[in-house]
Amino acid sequence: MKTKKYLLRFIYIYLLVAFISNLPFINGYILHRVDSDVFKYSNADASFTWHDTFSFKSTPISQSLIDRYITEVHPEKKNQKVYRLYRINPLFFWRWSHYLITSIDFDYKSWREIEPNRVPYDPENRYQNF
């Protein structure tokens with residue numbers, strides 16, 4: 001009985017902390033401080049790469065940004081799809097809101113699969129962050 005009580009208390013506290021850490025301003029601060037180097041995106045040849053740092057002035061990845069890249073650069077059909085370069089880990093509860101809002105729109109692809117096909121890095125290309 002004692003074990004069940006402690007387990008229920010642990011689950012309650014865990015869910016409460018998970019809820020609080022996913023509130024908008026708190027979540028943004030935690031993602032900026034803890035995960036500013038995790039959330040990266042790329043297309044198949046890395047002519048479009050994006051890095052979400054969650055800083056105050058940085059813009060998050062969006063479909064309008066990807067559409068603007070497609071209209072300006074006119075990549076091949078296979079290079080129009082953008083992938084996330086990170087795996088979803090449900091144990092990192094402070095990322096849940098980002099997973100549900102942003103990550104759900106992108107399929108996962110490893111950087112090891114993309115890097116051999118990478119076009120040379122061009123600092124003038126505003127769609128290549130890394």
Calculate, for ASN117 and ILE70, the FRET efficiency according to 1/(1 + (r/R0)^6) with r their C-beta to C-beta distance and R0 25 Å; round to the nearest 0.05. 0.90
Which value, in debye to the nearest 20, gives the size of the charge dipole of the range 39-119 about its Cα centre, when Lys and Arg are +1 and Asp and Glu are -1 at the Cβ? 180
Please state the relative contact order of the chain as a whole percent: Cα pairs under 8 Å, 6+ residues apart? 31
Say we join alpha carbon atoms closer than 10 Å with springs in a Gaussian network model of the chain; which of LYS78, LYS57, LYS109 then has the biggest fluctuation? LYS57
Sequence-distant lysines (8 or more away, or on other chains) whose Cα lies within less than 29 Å of LYS57: LYS40, LYS81, LYS109
Quick one: with all protein chains in place, what share of the accessible area of the range 24-90 is carbon or sulfur, to the nearest percent (1.4 Å probe)? 58
Taking R0 as 25 Å, what's the FRET efficiency between TYR108 and ILE13 from their Cβ-Cβ distance, rounded to 0.05? 0.20
Expressed in angstrom, Rg and Dmax over the Cα atoms of the chain are 18.1, 65
For ASP122 the rounded accessible area (nearest 10 Å², probe 1.4 Å, non-protein molecules ignored) is 70
Quickly estimate the mean residue ellipticity at 222 nm for the chain, helices only: each DSSP H run with n ≥ 4 gives -39500 (n - 2.57), and the total goes over all residues, rounded to 500. -12000 deg cm²/dmol
Projecting the Cα atoms of TYR99, PHE48, ILE70 onto the charge dipole of the chain, where Lys and Arg contribute +1 and Asp and Glu -1 at Cβ, the residue farthest towards the positive end is TYR99
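The values are calculated or read from the model by the stated rules, or taken from the named source; none is laboratory data. Just so we're clear, the structure is a prediction, and the values are computed from it rather than from any experiment. Heads up, the Cβs are rebuilt from the backbone with ideal geometry, glycines too, and the neighbour counts pull from every protein chain shown. Side chains included, ligands, DNA and RNA excluded: accessible areas come from the protein's heavy atoms. Shrake-Rupley method; radii C 1.70, N 1.55, O 1.52, S 1.80 Å.
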